[in-house]
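The values are calculated or read from the model by the stated rules, or taken from the named source; none is laboratory data. Worth saying up front: this structure is predicted, and the values here are computed from it rather than measured. Using ideal geometry, Cβ is built from the backbone for each residue, glycine included, and neighbour counts are taken over all protein chains shown.
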Amino acid sequence: MKQLKVKIIKKDNISDSCFKLSLKSDYLKKTAKPGQFVSVKCSDTTSPLLKRPFGIHKVTSHGIELLIKKAGKATQLLSQKKEGDEIIVLGPLGQGFEIEHKKNDILLVAGGYGVVPLYFLADQIIKKNKGAKIKVFIGGKTKNDIFCAEDFKKLKAELYFSTNDGSYGHKGFVTSVLMKEIVKLEPKNCVIYACGPNPLLMAISDISKEEKIKAQVSMEEYLACGIGVCMGCAIETTQGKKLVCKDGPVFNAEEILWKIPENLNKAIDQRINL
Amino acid sequence: MSKALEIKIGKLKLQNPVMSASGTFGCGEEINNFFDINKLGAIITKTITMEKRQGNPSARVVETASGMINSIGLEGPGIRNFLKGKKDFLKKLKTHVIVSISATSVEDFKIMTELLDEQSYIKAIELNLSCPNVSHGKTLSKYKLIAQDPKATEKIIKIAKKYTKKTLIAKLSPNVTDITEIAKAAENAGADAISAINTLTAMAVNVEKRRPVLGNIFGGLSGPAIKPVALKMVYDISKKVKVPIIAIGGIISAEDALEFILCGASAVQVGTATFVDPFTGENIVNDLEKYCEEKKIENISSLIGALVV
Ligand SMILES: Cc1cc2nc3c(=O)[nH]c(=O)nc-3n(C[C@H](O)[C@H](O)[C@H](O)COP(=O)(O)OP(=O)(O)OC[C@H]3O[C@@H](n4cnc5c(N)ncnc54)[C@H](O)[C@@H]3O)c2cc1C
Ligand SMILES: Cc1cc2nc3c(=O)[nH]c(=O)nc-3n(C[C@H](O)[C@H](O)[C@H](O)COP(=O)(O)O)c2cc1C
Ligand code: FES
């Protein structure tokens, strides 16, 4: 892990609300593992103050690529950077996915920009396991929240889509599409890797338990330091408190103790509004 | 390294006046990956408690205008596990190790002080009398925090003083009517130095969800946003007490540190700025050194309280 000043060598706006940054860094290229993230200083002033975490989307011939959704002030400022600008980046941070080499039916489940680390993961799995059959399930609120379909197609992955409003793919939860495919497969040969909002990951944990399929989920929390010194990102696990930034962001689904929502209907609403 | 930055806090001679603020630096292992933390005047550990503590529910941190609110709630392993787990790392450090402690009873303060007193590698103790995210318990004071009550402040410092000869630092809260009253109580009780300030109680609201952002509803505000408040408090305290003041609050640069020194601080602690840039502590040391060289300042202590008003 290092703090580096890196050059933006390419910037692509992939929609009104989403853009890609290609960063030049030999160090990040050599050290990044799927599921790890970097923390980016988005302004030169004290507002916004803290760095912002972004998953590593791709490793390129020059460095790494990020895929960022404009969510608020910091991401808005970052979206105004131009090719040739330099930004301060801390990384690679956290523990990535642990690739299950013996499993051939790979199920990747993404909500919104949850595709970010899963693309890097799929790319690595294909390079290491020739027998791997990858199915990618991408869910979003509308078709504007579906990213990276073309990239996954190039990896020869099978793609499944769902949107809450039915504007693209199946209308409803991404988990219902996933369940339809799971029943056709042998649980022993399957592994699920998921990234997205908490209600989705909670649903994946349930599926993992009920279907006896191993699952790894990449969690999100508000981060302050990103390196394990502030204890700001602690979550409850079966082994006590763990830090999303240092012990995660990827965890085995079975080790996470989900907060029981006070109002289950609200949680279901949230699940719909991924 | 030149001697221009050397200062004294209690019995300790520090190579420079820059320290880490408790809770923003762990025990230094992570930051040591970025720069040699022996370059700092001292390091202050996360506040240690008697027993293991789980801390508050998530979310525990949120950014606000030029600052952040945290509600960690003193999560930690408890003093015995701390001593077991961190001894090897802390013992090897060449810089001074200061351990921050907090407790909910006089008895626990006593036991913890005794335990730390036995460890020769620990050079000073900072009594955290001011964490806004936990209650110090009804037995100590009718107020939530010890540092809101001059009598309780005095009592705890006297107890600690009785059980250790090490340098004792009292860390005070800005969440009071008159911080100088508490500072005087701390000095009278025998504190060797005063750290100010801890975080200001604060909250953040999510309008869409109509909920507080933090799991604990309330937290403590830190970062550049609180610097002007901290400056005034340090200035006020310096007019009322003789013991050295260690200033804390929104320091991100050597210039910030100098502002506090001019207002009467002998040393400074870097907190939230370490999250923004892990090198902040080292940068401030280097820049202070450069400043003294350029301005031909023989020793930085000549600037303490040198504000012209
Ligand atoms: C490990 C990790 C990896 C991430 N990877 C990516 C990625 O690859 N691409 C991407 O676009 N985003 C990613 N994010 C989320 C991204 O960090 C936030 O969207 C960003 O910090 C928002 O900053 P802002 O100032 O623009 O918005 P803010 O004004 O800070 O927030 C805008 C909205 O986003 C929510 N939000 C902000 N930060 C977080 C957070 N850390 N977790 C959950 N909700 C948050 C806020 O509650 C608010 O509703 C990741 C987050 C984490 C923790
Ligand atoms: C995440 C976080 C955790 C903290 N934990 C502690 C703690 O354990 N003990 C303590 O005395 N102060 C703690 N503080 C307060 C800081 O030491 C410091 O007093 C305060 O943040 C103001 O300084 P700053 O603006 O430089 O951060 C914490 C602050 C933050 C932001
Ligand atoms: S963000 Fe500071 S410990 Fe994880």
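Which condition number in (1) more than 16 Å from ligand 3 (Cβ to nearest atom); (2) in contact (Cβ under 8 Å) with a residue 24 or more places away in the chain is the one that A:E220 fails?
Answer for A:E220: the failing condition is (1).
Collect the residues in the stretch B:18-57 that are within 8 Å of chain A (Cβ to nearest Cβ) and under 23 Å from B:A103 (Cα atoms), keeping them in residue-number order.
Pass one, the stretch B:18-57, residues within 8 Å of chain A (Cβ to nearest Cβ): B:23-26, B:30-31, B:33-34, B:46, B:54-55, B:57.
B:G23, B:T24, B:F25, B:G26, B:K46, B:Q54, B:G55, B:P57 - these are the residues of the stretch B:18-57 that are within 8 Å of chain A (Cβ to nearest Cβ) and under 23 Å from B:A103 (Cα atoms).
Can you pull out every residue in the stretch A:223-236 that is more than 7 Å from chain B (Cβ to nearest Cβ) and out of contact with any Leu (no Cβ under 6 Å at 6 or more places or on another chain)?
So the first thing to find is which residues in the stretch A:223-236 are more than 7 Å from chain B (Cβ to nearest Cβ), and the list is A:223, A:226, A:233, A:236.
Residue satisfying the conditions is A:L223 alone.
All but one of (1) among the small types (G, A, S); (2) in contact with a Phe, Trp or Tyr (Cβ under 7 Å, 6 or more places away or on another chain); (3) within 16 Å of ligand 3 (Cβ to nearest atom) hold for A:A122; state the number of the condition that does not hold.
The failed condition is (3).
Regarding A:K5, is this residue touching a Gly at 6+ places or on another chain (Cβ under 8 Å) and either surrounded by fewer than 19 Cβ atoms within 10 Å (Cβ to Cβ) or outside the structural domain of A:Y119 (by TED's automatic domain parsing) (or both)?
Working: touching a Gly at 6+ places or on another chain (Cβ under 8 Å): no; either surrounded by fewer than 19 Cβ atoms within 10 Å (Cβ to Cβ) or outside the structural domain of A:Y119 (by TED's automatic domain parsing) (or both): yes.
No, not satisfied.
Which residue out of A:V40, A:V6 is touching a helix residue (DSSP H, G or I) at 6+ places or on another chain (Cβ under 8 Å), of a type in the set (V, I, T) and more than 27 Å from A:V109 (Cβ to Cβ)?
Working: A:V40 fails: more than 27 Å from A:V109 (Cβ to Cβ).
Just a single option satisfies the conditions, and that option is A:V6.
Within 16 Å of ligand 3 (Cβ to nearest atom) and more than 14 Å from every other protein chain (Cβ to nearest Cβ), is that true of A:Q95? Quick ask: steps written out before the conclusion?
Numbers: within 16 Å of ligand 3 (Cβ to nearest atom): yes; more than 14 Å from every other protein chain (Cβ to nearest Cβ): yes.
It is true that A:Q95 is within 16 Å of ligand 3 (Cβ to nearest atom) and more than 14 Å from every other protein chain (Cβ to nearest Cβ).
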